[in-house]
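*Asks:* Here it is: the structure, laid out below.
Read-outs: derived from the displayed coordinates by stated rules, not from any lab. Owing to the predicted nature of the structure, the values given are computational and were not obtained by experimental measurement. All Cβ positions, even for glycine, are placed from backbone atoms using ideal geometry, and neighbour counts span all protein chains on display.
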Amino acid sequence: MSKVLPLSQQAILITGASAGIGAALAKNLANEFTGIRLVLSARRQDKLEEVATRCRQAGAEVLVAIADMADTEQVKALVQKALEKFDRVDALVNNAGYGYMCPIELVSPEAAKQQFAVNFHGPLLLIQSLIPAMRRQGGGRIVNVSSLGGRMAFPAGGMYSCSKFALEALSDVLRMELKAFNIHTVVIEPGPVATEFFGVAWEKIQQTIPDCKNTIYQPAFEKIEAIDKQLQLLGWTPEKVAEIIVRSLVARRPHPRYFAATGGSFFVPVMTKIMPTWFTDAFWKRFYGFDRIEKNWRNDE
């Protein structure tokens, strides 16, 4: 049985590493831990190669592995490539994911399956595939990037929250099941982050529901389209979130969960445990325009 290595000697697999939080994390690790070994995975090879070049220049050894988290065979191949290259994976950072923002009534079966394929089933398969290797090497770390939306559900973000709630439940189970093998499981919960998240969400809405603004849910779609501007003051940079992930990787005894949001440690307990349900419902309905939908519907009756 091998001992757990210092972070500078570890092999870290990061999904969604071509941009945003994943790219910021890769660069942070390469800059701060000379000699670290990185497996960088995403779908966009050109962007991924740019990140890999920066990391190599900083002194990291890098394997670029293209993979779509919704493709089972590609996910399995990713694990195989990582183990063939470095003979171990000390930490897995399940960062790849996206949000499908849409009222539940309009979510197609295909969109629901895709949301879970990327945000839950892909990470699950990666974890299952790496547990035996981590156990043999004497330990490891699984870092699942969730969201405040994995603790609080909100209208128009139903499928996203469902997938992140599932990822959080999986993380809780793994934390208990894998402790005997010295494999720690951690959840990172970002709030708004200055990434492509909401831009991608709006693109997917336009692709799947081209006439979204001609539906009864028009006020909600208008809110989603403009949400980036609403959250600018609260949003963290990807680099700031990456610092939290690094903290979870270096901690000898990591916390089960790390907030990566302004006021997250206050906001989440207040909204989920202290405030009455009617209040939190009203807050989120107003934030996402569902109060206007209710008003319009009453006026039309």
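*Asks:* Below 8 Å, C-alpha to C-alpha, sequence gap of six or more: please give me the relative contact order for the range 186-294 in percent.
*Replies:* Answer for the range 186-294 is 43 percent.
*Asks:* How high is the relative contact order of the chain, given as a whole-number percent (alpha carbon pairs under 8 Å, six or more residues apart)?
*Replies:* 18 percent
*Asks:* Rank these for me by crowding, Cys212, Cys102, going from fewest to most other beta carbons within 10 Å.
*Replies:* Placing the least packed residue first, the sequence is Cys212, Cys102.
*Asks:* Right, next: Give the lysines whose C-alpha is closer than 20 Å to that of Lys81, dropping any in the same chain fewer than 8 places away, or say none.
*Replies:* Lys47
*Asks:* Also, I was wondering about something else. Among Ala220, Trp236, Trp278, which residue has its Cα positioned farthest towards the positive end of the charge dipole of the range 218-301, with +1 placed on the Cβ of Lys and Arg, -1 on the Cβ of Asp and Glu, and the dipole taken about the Cα centre?
*Replies:* The residue sitting most towards the positive pole is Trp236.
*Asks:* When the expected Rg is taken as 2.2 N^0.38 Å, what fraction or multiple of it is the alpha-carbon Rg of the range 96-207?
*Replies:* 1.16
*Asks:* Counting Lys +1, Arg +1, Asp -1, Glu -1, what net charge surrounds Phe86 among other residues with beta carbon under 12 Å of its beta carbon?
*Replies:* With Lys, Arg at +1 and Asp, Glu at -1, the net is 0.
*Asks:* Next up: Please turn the phi angles of the range 260-270 into ³J(HN,Hα) values with the Karplus equation 6.51 cos²θ - 1.76 cosθ + 1.60 (θ = phi - 60°), one per residue in order, whole Hz, x for glycine and proline.
*Replies:* With coefficients 6.51, -1.76 and 1.60, one gets 10, 8, 4, x, x, 5, 9, 5, 5, x, 4 Hz.
*Asks:* Oh, and also: Which lysines have a Cα less than 25 Å from the Cα of Lys179, not counting those fewer than 8 places away in the same chain?
*Replies:* Output for Lys179: Lys3, Lys76, Lys164.
*Asks:* Moving on to the next point. Using alpha carbon centroids, what distance separates the range 65-81 and the range 161-208, in Å?
*Replies:* Here the answer is 18 Å between Cα centres.
*Asks:* Please rank His255, His121, fewest neighbouring Cβ atoms within 10 Å first, as an exposure proxy.
*Replies:* Ranking His255, His121 by Cβ neighbours within 10 Å, fewest first, gives His255, His121.
*Asks:* In straight Cα distance, which lysines are under 21 Å from Lys223, not counting same-chain residues fewer than 8 positions off?
*Replies:* Lys204, Lys213, Lys285, Lys295
*Asks:* Okay, moving on. For the chain, which DSSP H helices look membrane-span-like by this rule: Cα extent along the axis of 30 Å or more and mean Kyte-Doolittle of at least -0.5?
*Replies:* Helices passing the filter in the chain: none found.
*Asks:* Compute, for the chain, the length of the dipole vector about the Cα centre, with Cβ point charges of +1 (Lys, Arg) and -1 (Asp, Glu) only. Units Debye, rounded to 20.
*Replies:* It works out to roughly 1080 debye.
*Asks:* Now a separate question. Within 10 Å of each candidate Cβ there may be at most 16 other Cβ atoms; applying that plus a DSSP loop requirement, which trypsin sites (Lys or Arg not before Pro) in the range 153-252 survive?
*Replies:* Loop-located and lightly packed - Arg252.
*Asks:* Sorted from largest down, give the three principal axis spans of the alpha carbons of the range 168-301, whole angstrom values.
*Replies:* 60, 33, 29
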